[in-house]
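Derivation of every value follows stated rules applied to the coordinates shown; laboratory data play no part. Remember, predicted model here, so these are calculated numbers, not experimental data. Here the Cβ positions follow ideal geometry from the backbone for every residue, glycine too, while neighbour counts run over all protein chains shown.
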Amino acid sequence: PQVTLTARELEVLELVAAGCSNAETAARLHLSETTVKTHLNRIQARLGLRNRVEVAVWAWEHGLVR
């Protein structure tokens, strides 16, 4: 089954994969760090990943970042 991420989750995913911290991601997207962590947890759960490193690798492997 194909996993669908929300537009905001994709924004968070792209910034995390580009190496941004939660604080940097929050600042760029005008969110709280808690909200960024929530999005990251949902991304990990939906994609079956364990940590932000796996999230970044997944994004690179799927061509979401260059």
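Details
- One residue stands out among those in region 37-51 that are of a type in the set (A, V, I, L, M) and within 10 Å of the chain's Cα centre (by Cα): the one that is surrounded by the fewest Cβ atoms within 10 Å (Cβ to Cβ), which is Leu40.
- When residues of region 9-24 are limited to those that are more than 9 Å from the chain's Cα centre (by Cα) and not small (Gly, Ala, Ser), the one farthest from Val53 (Cα to Cα): Glu24
- The helices (runs of 4 or more DSSP H) found wholly in the chain and carrying at least 3 residues that are in contact (Cβ under 8 Å) with a residue 12 or more places away in the chain and charged (D, E, K, R) occupy 7-17, 33-47.
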